[in-house]
Amino acid sequence: MDAASVELSRVNAFFGPFHALKDVDLSVAPGRVTCLIGPSGSGKSTLLRCINFLEPYASGEIRIDGQLVGYETPGGKRMSGARLRAMRREIGMVFQAFNLWPHMTAQDNVAEGLCRVKGMGRAEAAARAADALERVDLGDKLASYPSRLSGGQQQRVAIARAMAMEPRLMLFDEPTSALDPELVGEVLAVMKRLAAEGMTMVVVTHEMGFAAHVADRVAFMDAGELVACGPAKDILHAPEDPRIAGFLRTYLERNAF
Amino acid sequence: MTDAAFLAHYGPILLRGFGVTVLCWAFGTVFGMALGLVITLAQRYGPRPLGWLLRVYIEVIRGTPFLVQLFVLYYGGPLLGLRLDAVPAGLLGLTIYGSPYFAEIFRAGFAAVPRGQIEAARAIGIAEPAIVRRILVPLALVSALPALVNFAIVLTKETVILSIITVPELMYRVQNMSAETYRFLEANLILALFFWALVEVISRAGRRLEAHMTRHITEGR
């Protein structure tokens, strides 16, 4: 696996009149982990969703390994559906709500993309899906339907589903926010393993511990702006911007008991 | 005529009529559903003018009585070069009549599929037609099933209107029998009994199908 780099420059996005992303710059080196933190509504998820063009951005450039995302040329027309799909094959995404397909078993959830996108035969896809689930410690849940799995297990299936496609970049959109506290650890453990294997990861999270220990860089967003981006220890322990200090203070107060 | 002779004479006739009723209903349900699904998909993925056209179709068919539609098709059709016998006209009429209701049920079913599950498929790079076939339609069917069964039941009773254009279904037979024997009450009670049995069977089958289709899917997800 050769990990991809991500480069955003002066990215703007809108929801109707609402300016969701304001001239955002961000660069993620291959094999590095960047955590996006900040208050809700600050544009973290929007930024993440722009990277695989689930949310179209209005101006600026997003490049993966130098390749422009979503448009033929900067400010030009949208790329074709086929080219967009080819690009998305390289990008795995994990959602807050897991978004597993409830009418398919864990194994079928993982195999579906292998069949439909990679064109594998059923037997090969099933074997690869079993491997992928084994790697997230769910080798004994192949035939389970999502409704029979805990939140943590469902999210690990979702990670396996994304990883089976052999992406070169993984996007995580608040992967543990919908989980009961005791289930957060098992998902973070899988993510740590991925990071250690050298996957490029962009993670929207409220898990400051994960950001502090796993992220190479932490980016703080507020009101659509990327306020600061740097090594975790600088951003989390010695924030220069008062907005970051304020955010971390409310965060600490909420988690104090 | 004694009761026994009465039954011996009209029993088989009524049974045949009931058979025709069931066949008309099954045809109208299956093809009305199929047409409804096509309409919904065309509205979702087709060009916009087609969507408007189908909207008008839905409103016109839903806004007019089946009886009138059937008259127009059977007696007005020949003026447009569409000359159909009673049975084909009845089957086509039922299909057309049911299709907009089924289309609206499917539309609601599609809307009930969580957006995230479609996004997950897009994020992996699955092409849109495969998303529709593998994820959208199966999940929409599950949430639409109770409403589909419900309208299929409504449709059983609409078949009686086919008697107006001389389709030899149960109502037609019952009316003949009434006219020939003056036993209006018996004839219509028998009719009611047949329909009640048919609806009971459909609703039981519907419940079993629903339990089968939702066995892996918890409520609300």
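The values are calculated or read from the model by the stated rules, or taken from the named source; none is laboratory data. Treat the numbers as computed from the prediction; the structure is a model and nothing was measured. Using ideal geometry, Cβ is built from the backbone for each residue, glycine included, and neighbour counts are taken over all protein chains shown. Note: areas computed on protein heavy atoms with side chains; ligands, DNA, RNA excluded. Shrake-Rupley method; radii C 1.70, N 1.55, O 1.52, S 1.80 Å.
I'd like the residue in the stretch B:117-130 that is more than 7 Å from chain A (Cβ to nearest Cβ) and modelled with pLDDT of 95 or more and, out of all such residues, is farthest from the chain's Cα centre (by Cα). Filtering first and then ranking leaves B:Ala121.
Test of understanding: among B:Ala152, B:Ala86, B:Ala144, which residue is under 18 Å from B:Leu41 (Cβ atoms) and of a type outside the set (Lys, Arg)?
Details: B:Ala152 fails: under 18 Å from B:Leu41 (Cβ atoms); B:Ala86 fails: under 18 Å from B:Leu41 (Cβ atoms).
Testing whether each residue is under 18 Å from B:Leu41 (Cβ atoms) and of a type outside the set (Lys, Arg) leaves just B:Ala144.
Once the stretch A:63-106 is narrowed to residues that are over 21 Å from the mean Cα position of the chain (by Cα), part of a loop (DSSP other than H, G, I, E, B) and small (Gly, Ala, Ser), the residue that is farthest from the other protein chains (Cβ to nearest Cβ) is A:Gly75. Of the residues B:Ala152, B:Ala140, the single one that is within 14 Å of chain A (Cβ to nearest Cβ) and crowded, with 19+ Cβ neighbours inside 10 Å is B:Ala140. Of the residues A:Ala164, A:Ala211, A:Ala160, the single one that is under 25 Å from A:Phe247 (Cβ atoms) and small (Gly, Ala, Ser) is A:Ala211.
Here is the figure for the stretch A:133-157: residues that are over 12 Å from A:Gln107 (Cβ atoms), among the charged types (D, E, K, R) and in contact (Cβ under 8 Å) with a residue 12 or more places away in the chain total 3.
Tell me whether the stretch A:13-33 contains one or more residues that are touching a Lys or Arg at 6+ places or on another chain (Cβ under 7 Å) and on the phi > 0 side of the Ramachandran plot. Yes: one or more hits. If you go through the stretch B:119-137 and keep only what is over 14 Å from A:Met104 (Cβ atoms) and either open to solvent by 10 Å² or more (accessible area, probe 1.4 Å) or touching a residue at least 40 places away in the same chain (Cβ under 8 Å) (or both), you end up with B:Glu119, B:Arg122, B:Ala127, B:Glu128, B:Pro129, B:Val132.
Checking each residue of the stretch B:189-205 against the condition of being more than 14 Å from every other protein chain (Cβ to nearest Cβ), closer than 30 Å to A:Ala143 by Cα and in a helix (DSSP H, G or I) gives at least one match.
Yes/no per residue for (1) of a type in the set (Val, Ile, Thr); (2) in contact with a Gly (Cβ under 8 Å, 6 or more places away or on another chain); (3) within 30 Å of A:Val94 (Cα to Cα):
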residue	(1), (2), (3)
B:Ala42	no, yes, no
B:Pro47	no, no, no
B:Asp85	no, no, no
B:Val132	yes, no, yes
B:Ile135	yes, no, yes
